[in-house]
Amino acid sequence: MKLFITRHGETDRNVQKRICGWTESELTERGLSQARDLAERLAADKEKNAIKHIYVSPLKRARDTAACIEKVLSIKAVPDERIKEVFFGDFEGVHWVTDPAFREMLNNPFVTFPHGESLVQAAHRAYGLIEHVRKTHSEDGNVLFVCHGMITVLMCTFFKNYSQNDLLNMRIGNCQLLEFDL
């Protein structure tokens, strides 16, 4: 079976280069366009991709992206807390490019973000959903996750080993579609 993972469309905080985490952020017009374009691509490849189930982060930016996909695939997305973005705690709202303390936290995946969670904790919860999907849907079609950038990076480590440097430099584009054998 295949697992497809996509990140939500562009948000206002993405444009500002501010950390979203669990904080709600609205899709921009460009983000809505990205979501519609992704939905059209998935509709065009409906037979090839054979997506039968969609799981979505309960955060609004992911749900709004999934709503475009639900329409064209005629599949209701199931919200799941395990693919929420990493909870960056006190760093939410911070400018991620220029804050050296944030970059230092990313270099320490076992350290918990103040009033948040660690990267390892976030990966653990996302891995749980991947294992659930493998056990539950192995016989009935492929699955799509609609979620967020950093949690997607962490889920990539389920399928392939990455160095810490590679992990920190990995960028998942808005509405980029990844495909994995599960």
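A compact table of results
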| quantity | calculated |
| --- | --- |
| Top-ranked residue in segment 30-47 [being closer than 11 Å to Ala66 by Cα and without any contact (Cβ under 8 Å) to a residue 40 or more places away in the chain; ranked as least open to solvent (accessible area, probe 1.4 Å)] | Ala39 |
| Some residue of segment 63-74 being under 16 Å from Val153 (Cα atoms), surrounded by 15 or more Cβ atoms within 10 Å (Cβ to Cβ) and among the aliphatic types (A, V, I, L, M) | no |
| Any helices (runs of 4 or more DSSP H) falling wholly within segment 89-182 and containing at least 1 residues that are of a type outside the set (Phe, Trp, Tyr), surrounded by 13 or more Cβ atoms within 10 Å (Cβ to Cβ) and in contact with a Lys or Arg (Cβ under 9 Å, 6 or more places away or on another chain) | 119-137, 149-159, 164-169 |
| Residue count for segment 30-50, restricted to those that are within 13 Å of Thr6 (Cα to Cα) and of a type in the set (A, V, I, L, M) | 4 |
| Conditions (1) in contact with a Phe, Trp or Tyr (Cβ under 9 Å, 6 or more places away or on another chain); (2) open to solvent by less than 60 Å² (accessible area, probe 1.4 Å); (3) farther than 22 Å from Tyr127 by Cα; number of the one not met by Ile83 | (3) |
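The values are calculated or read from the model by the stated rules, or taken from the named source; none is laboratory data. Just so it is clear, the structure is predicted and the values come from calculations on it, not from any experiment. Positions of Cβ are backbone-derived with ideal geometry, glycine not excepted, and every protein chain shown enters the neighbour counts. Each accessible area value is taken on the protein alone, full model and side chains, heavy atoms only, with ligands, DNA and RNA left out. Shrake-Rupley method; radii C 1.70, N 1.55, O 1.52, S 1.80 Å.
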